[in-house]
């Protein structure tokens, strides 16, 4: 199976946070996110996940398939912003497909509680615990492929390699 994870520049924040990226402006439009979701549907029918900020859920969720689910990454330790009284301490992850989890496998929660990363070279770099939860939710297997559509800091790809190594899959 071939799965994908997309962590694009967040709608409304792309140019501000990633202005040096040549396509940052694309993700400050809903059309850019619509095209991304169409790509995920077309190229990764086995399953995919898409991260966004909680402030974008109302805008982006209507662009997603009705069969998709909204999972939650909660952040016990998060950065508190000045003059923001209600902290941004969770992120929605739209989830689609994945391999069916059998009764004999551990149940995977539709949320995880993992601290943010600090000083990983890029705002929003995903921590290994988040990635491991995502791989479990997709119910990946030894022969599966994972495409990180926005590799940024490389954290998701490294976490995928470590996940495979921890299970001895890199020896297969």
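Taken together, the values in this text are just the output of simple stated rules run on the coordinates, not laboratory data. The shown structure was predicted, so the numbers you read here are calculated from the model rather than taken from an experiment. Counting neighbours? That spans all protein chains shown, and the Cβs are built from the backbone with ideal geometry, glycine included.
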Legend entry - Prolate/oblate/rounded call for the range 1-52, Cα gyration tensor, a/c under 1.5 rounded: prolate
Legend entry - Nearest-ten-degree value, helix 30-43 long axis tilted from longest Cα axis of the chain: 10 degrees
Legend entry - Listed peptides 147-159, 63-75 by packing density, highest first (mean Cβ within 10 Å): 147-159, 63-75
Inset, instruction - With the cut-off at 17 Å, report for the range 66-148 the share of all Cα pairs above it, as a whole percent. - result: 55 percent
Legend entry - Approximate shape of the range 2-171 as ellipsoid semi-axes (Cα gyration tensor, √5λ), whole Å, largest first: 25, 19, 17
Legend entry - For the range 1-89, the fraction of alpha-carbon pairs in successive 10 Å shells from zero, as %: 15, 44, 33, 8, 0
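Hey, what number do you get for the chain at 222 nm if only DSSP H runs of n ≥ 4 count, each worth -39500 (n - 2.57), divided across all residues, to the nearest 500? Don't jump to the answer; show the numbers that get you there.
Values: 5 runs with 46 residues, N = 172.
Taken over the chain, the calculation gives -7500 deg cm²/dmol.
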Inset, instruction - May I ask you to list the residues of the range 49-81 whose amide nitrogen lies under 18 Å from a point 7 Å from Cα along the Cα→beta-carbon direction of residue 99? - result: 49
Legend entry - Angle between the chain longest axis and helix 155-166 axis [Cα atoms, degrees, rounded to 10]: 20 degrees
Inset, instruction - Select from 45, 62, 92 the residue whose mean-square fluctuation is largest in a Gaussian network model of the chain (Cα-Cα springs shorter than 10 Å). - result: 62
Legend entry - Per-selection Kirkwood Rh - the range 42-113 (Cα, Å, 1 d.p.): 14.0 Å
Inset, instruction - Could you tell me what fraction of 2.2 N^0.38 Å the Cα radius of gyration of the range 133-172 comes to, as a two-decimal ratio? - result: 1.13
Inset, instruction - Would you mind computing, in nm to one decimal, how far apart the modelled labels at residue 42 and residue 157 are, each placed 7 Å from Cα along Cα→Cβ? - result: 2.4 nm
